[in-house]
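The values are calculated or read from the model by the stated rules, or taken from the named source; none is laboratory data. Since this is a predicted model, take the numbers as computed values, not measurements. Every residue, glycine among them, receives a Cβ derived from its backbone with ideal geometry; neighbour counts consider all protein chains shown. Each accessible area value is taken on the protein alone, full model and side chains, heavy atoms only, with ligands, DNA and RNA left out. Shrake-Rupley method; radii C 1.70, N 1.55, O 1.52, S 1.80 Å.
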Amino acid sequence: MRGTKTYNQLKRAFLPFAVLKSIQQGHTHGYAILQELEAMEISGIKSGTLYPLLRTLEEDGLVAATWETSDRGPARKIFELTADGKRNFENMRTWINNLT
């Protein structure tokens, strides 16, 4: 099944869950989320896909974002789960575990 159209569609469908999973490990920024997705074998996700999803998660109240400044580079947007985001993530995890 790996590499089939159906398999790739399934990975895309689980993208919001995978992004929340990445963020629940601690506050993080977009590039680190992309790296984590690669580690989860969800490859080929572009920033043009990730950042609109992060904006949607933020609008839904699941993710909060703040700007972090640094002397070594441009400011980065840092994401962390809200209390609702943590509850939703756990509900999703339970649902997914019940599928297996």
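Here are a few things to note about the model shown:
- Per-region count, region 54-64, residues of a type outside the set (Val, Ile, Thr), within 13 Å of the chain's Cα centre (by Cα) and open to solvent by less than 60 Å² (accessible area, probe 1.4 Å): 4
- Candidate set: region 5-55, residues that are in contact (Cβ under 8 Å) with a residue 24 or more places away in the chain and among the polar types (S, T, N, Q); chosen: the one nearest to Trp95 (Cα to Cα): Gln24
- Listed by position, the helices (runs of 4 or more DSSP H) enclosed by region 1-83 that each have at least 3 residues that are at pLDDT below 95 are 5-13, 30-39, 47-59.
- Looking only at region 67-96, and only at residues there that are farther than 14 Å from Leu57 by Cα and of a type in the set (Asp, Glu), the one that is surrounded by the fewest Cβ atoms within 10 Å (Cβ to Cβ): Asp71
- The number of residues in region 84-97 being at pLDDT below 95 and within 24 Å of Tyr31 (Cβ to Cβ) comes to 0.
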